[in-house]
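Here is the structure we will look at.
None of the figures in this text is laboratory data; all of them are computed from the coordinates on show. These figures come from a predicted structure and were not determined experimentally. Reconstructed Cβ throughout: ideal geometry from the backbone, glycine too, with neighbour counts over all protein chains shown.
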Amino acid sequence: MTATIQPPRSGKISSGKISPQYRRTGGSRGNFEMLAWLFMRLSGVVLVVLIFGHLFVNLMVGEGIHAIDFGFVAGKWADPFWQVWDLAMLWLAMLHGTNGVRTIINDYAEKDSTRLWLKIVLYAATTVIIVLGTLVIFTFNPCPVVDGVPLPGGFCPAA
C-alpha cells in the first residue's frame, strides 16, 4: 500500500516550491496595530513606575501596611497629586489590559461574530470601570452629609 501526498490546497506548486497566497498590502487598518504595539510598550514602562511608586508609598513609607485604612485613602485623595497619580494608574492599567485582551481575542476567536461580541463586552466593561473609577477618585468625600446630618464614622472630625 502506497500513500500519495497531495500538494497543499492553498498554494500553487511551481518548480517544486509552494507559492504563498499572502501578499503584503497596505490594508485598511493603517498604522493602528503598530500604534497599539507601541502603546503596550510605553504604557508598560509608565505602569511599572506608577505601580512601584504606589506600592512604595502605601507599604514602605510611614507605618506600612498597618496604616492603610479608610482614613489613609481619604488623606491621600485629598491631595490632587495622588488623585492624578491613581487616575493615571487606573486609565493606563485598564487600557493596557484591554489592548492585551483585544489582541488575544483577535488571535483566538475564529468566527467574526464571536470576535465582535467579545470585543463589545470587553469595551463595555472597560468603559464602565474607567468611568466609575474616575468618578470615585474625583468625587470621593470622606465626610458625607445627608439631609444635614453627618453619616456615622470615626474619621470625620466633630462639627
Taking the simple approach of a point 7 Å from Cα along Cα-to-Cβ for both residue 42 and residue 83, what is their distance in nm? 2.6 nm
For the range 72-141, with only Lys/Arg (+1) and Asp/Glu (-1) charged at the beta-carbon, what is the dipole magnitude about the Cα centre, in debye rounded to 20? 100 debye
Where labels lie 7 Å past Cα in the beta-carbon direction, separation of residue 67 and residue 141 in nm: 2.8 nm
Largest-first principal axis extents, alpha carbons of the range 50-153, Å: 54, 39, 22
Listed residues 121, 66, 90: farthest to the positive end of the dipole of the range 52-159 (Cβ charges): 121
Could you sort 108-114, 75-81 so that the peptide with the highest average Cβ count within 10 Å comes first and the rest follow in order? 75-81, 108-114
